[in-house]
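Written below as structure tokens is the structure these notes are about.
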Amino acid sequence: MSEGLKRRLAILVAMAALAVAGSAQARPQEARRFEVAAQPLDQALAAFSVSTGLQMLYDSSLASGRRSSPVSGAMQPREALALMLAGTGLTARFTSGGAVVIYAGSTSAVTLNPITATAAPVIGRSGANAEARAYAEAVQRQTIEALRQDAVLSGGDYALSVRLWVNEDGAARRVEVLNGSGEAGRDADFLALASSLRFPAPPPDLPQPMRIEFRVRQRH
């Protein structure tokens, strides 16, 4: 076989391999074989995203200091990710738009007051796509986790809603109180906390602002 023919065959084989890989990413929920060793969680999530074509939405601080559990065998991506997150205290939620939202499970702050979002966040104008909704929910979850770590803002019984804009890098660009908690000092503390947060980079053309309501209640 001539060298020229060998090169042409090698190119055809490479093109076929790329076509197979692209087809696999186009069908992210189909069962496939996973062989992922235990490793730093951010690396495991990045590899999972590349291999499945799923966008991972999470705050980098959630993965810091955590390690993934090993995954081996043929299974759907949903099952593989659940195994990967086992023991980390994190939970994954798949969206219809081909994204995965990673957030801290409710057991991560059981000693603190329950903080919830009383309604799904509203993103800019009506009709936001699934990717925008998934991103807003990730912002909502990260803000809740930050509230849980604040001794002042996690105390008392109150509700508060805000409008929030983010920059291209995920930094909070502007935060406004829509409906205050009834205490100006607490509202100011909330604005300072939310303004200091850095969220994942938003999807392109995210409709803004995001409108999110929070409710804090003491355990009784």
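Observations on the structure shown:
- Here VAL110 clears all of (1) at pLDDT below 80; (2) open to solvent by 30 Å² or more (accessible area, probe 1.4 Å); (3) touching a helix residue (DSSP H, G or I) at 6+ places or on another chain (Cβ under 8 Å) except the condition numbered (3).
- Cβ separations smaller than 6 Å between residues 6+ apart or across chains give the following pairs from the stretch 199-217 residues that are under 26 Å from ALA151 (Cβ atoms) to residues that are of a type in the set (Phe, Trp, Tyr): VAL216/TYR158.
- Selection over the stretch 150-176 of residues that are modelled with pLDDT of 90 or more, in a loop (DSSP other than H, G, I, E, B) and in contact with a helix residue (DSSP H, G or I) (Cβ under 8 Å, 6 or more places away or on another chain) gives a count of 0.
- Within the option set ARG33, ARG27, ARG67, being modelled with pLDDT under 85 and either of a type in the set (Ser, Thr, Tyr) or on the phi < 0 side of the Ramachandran plot (or both) holds for one residue only, ARG27.
- GLY73 being loosely packed, with under 13 Cβ neighbours inside 10 Å and without any contact (Cβ under 8 Å) to a residue 12 or more places away in the chain: no
- The residues listed here are LEU153, LEU191; of these, the one that is farther than 18 Å from TYR58 by Cβ and open to solvent by 20 Å² or more (accessible area, probe 1.4 Å) is LEU191.
- Matching residues, the stretch 33-65, being in contact with a strand residue (DSSP E or B) (Cβ under 7 Å, 6 or more places away or on another chain) and of a type in the set (D, E, K, R): ARG33, GLU35
- Residue in the stretch 177-199 that is out of contact with any His (no Cβ under 6 Å at 6 or more places or on another chain), in a strand (DSSP E or B) and within 27 Å of ALA99 (Cβ to Cβ) present: yes
- Pairs where the first residue, in the stretch 160-184, is without any contact (Cβ under 8 Å) to a residue 24 or more places away in the chain and of a type in the set (Lys, Arg) and the second is part of a strand (DSSP E or B) and open to solvent by less than 20 Å² (accessible area, probe 1.4 Å), C-beta under 7 Å, 6+ apart: ARG173/VAL166
The values are calculated or read from the model by the stated rules, or taken from the named source; none is laboratory data. A quick note: this is a predicted structure, and the numbers were derived from the prediction, not measured. Ideal geometry is used to build each Cβ from the backbone, glycine not excepted, and the neighbour counts take in all protein chains shown. Please note that ligands, DNA and RNA were not included when accessible areas were found on the heavy atoms of the full protein model with its side chains. Shrake-Rupley method; radii C 1.70, N 1.55, O 1.52, S 1.80 Å.
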